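The values are calculated or read from the model by the stated rules, or taken from the named source; none is laboratory data. Not measured: the values here are computed from a predicted model. Cβ atoms come from the backbone with ideal geometry, glycine included; neighbour counts cover every protein chain shown. Side chains included, ligands, DNA and RNA excluded: accessible areas come from the protein's heavy atoms. Shrake-Rupley method; radii C 1.70, N 1.55, O 1.52, S 1.80 Å.
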Amino acid sequence: MVCGGFTCSKNSLCALNLLYTLVSLLLIGIAAWGIGFGLISNFRVVGVAIAVGIFLFLIALVGLIGAVKHHQVLLFFYMIILLLVFIVQFSVSCACLALNKDQQHQLLEVGWNNTKSAREDIERNLNCCGFRNFNSSEPCSAACVKENQCLTCASIIEEYSGMVLRFVGGIGLFFSFTEILGVWLTYRYRNQKDSRANPSAFL
């Protein structure tokens, strides 16, 4: 049977949603691992990661049930939600890839100023103090503060920020195209009939 058939569309949609399920569980697992090993103590960051993982898992579950049962209502809502996720993710991925150095520096500084609870994690893991300058009277959780030979966190973060943004943007683009593939597969699959369940459907 060619891949345009009912069975191939069903299997492709199931495989795609199994992939999303694995990614969601991996995301939740990484967040839990970060807390367990003390790499992340900011529960807001962990909460966002877990919430995204659960959201992705629920979407994949709806798509999987809809594909297995050929449930028209579930497939319709799955298609709409996946399309909205694609639009958001594609836009964010393009923005990550389009940021220049000045915009990256400005974004990092805004993020640093608005994430006071995550600063301790950044300073401890990168062994740095302050963003662009450090005052010895300010608290710092890095080990280097005892020797008074700390680099600023901006100098370390900005060295890798471009590479990280390109990586995140590339991964985001890859998954955004799998989402538009999922929308297309769902649209086609909803309008197909199972010839085995109803042999006279195509007569």
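Solvent-accessible surface of the chain, averaged per residue with a 1.4 angstrom probe and all protein chains in place: 62 square angstrom. Pairs of Lys residues in the chain, spaced 8 or more positions apart or belonging to different chains, with C-alpha separations under 28 angstrom: 5 in total. Counting only protein heavy atoms, what percent of the accessible surface of segment 56-203 is carbon or sulfur at a 1.4 Å probe? The computed percentage sits at 64.
Net charge in the neighbourhood of F77 (other residues with Cβ under 15 Å of its Cβ; Lys, Arg +1, Asp, Glu -1) is +1. Considering only T152, C14, G53, and ranking their Cα positions along the charge dipole of the chain that arises from unit charges at the beta-carbon of Lys, Arg, Asp and Glu, the one farthest toward the positive end is C14. Reported to the nearest whole Å, the Cα centre-to-centre distance from segment 130-151 to segment 57-94 is 47.
Which trypsin sites (Lys or Arg not before Pro) from segment 61-145 combine a DSSP loop assignment with at most 14 other Cβ atoms within 10 Å? Don't skip to the answer; put the middle values down first.
On the way: sites: K69, K101, K116, R119, R124, R132; in loops: R132.
In loop regions of segment 61-145 (DSSP not H, G, I, E or B), the sparsely surrounded trypsin sites (Lys or Arg not before Pro) are R132.
Give, in nm to one decimal, the length gained when the segment between R166 and W33 is fully stretched (0.36 nm per residue of separation minus the Cα-Cα distance).
Values: separation 133, 0.36 × 133 = 47.88 nm, distance 2.45 nm.
Extra length from R166 to W33 when fully extended: 45.4 nm.
In this simple spin-label approximation, A51 and F77 carry label points 7 Å from Cα along the Cα→Cβ vector, and these lie 2.0 nm apart. Based on the Stokes-Einstein relation at 20 °C and a viscosity of 1.002 mPa s, and on the Kirkwood radius from alpha carbon pairs, the chain is assigned a translational diffusion coefficient of 108 µm²/s. Where only DSSP H runs of four or more residues are counted, the chain gives -25500 deg cm²/dmol as its mean residue ellipticity at 222 nm, each run worth -39500 (n - 2.57).
Phi angles across segment 107-112 convert, under the Karplus curve 6.51 cos²θ - 1.76 cosθ + 1.60 with θ = phi - 60°, into 3J(HN,Hα) values of 5, 5, 5, 5, x, 5 Hz, Gly and Pro given as x. Segment V92..E147, full-extension length gain: 15.7 nm, with 0.36 nm per residue of separation and the alpha-carbon distance subtracted.
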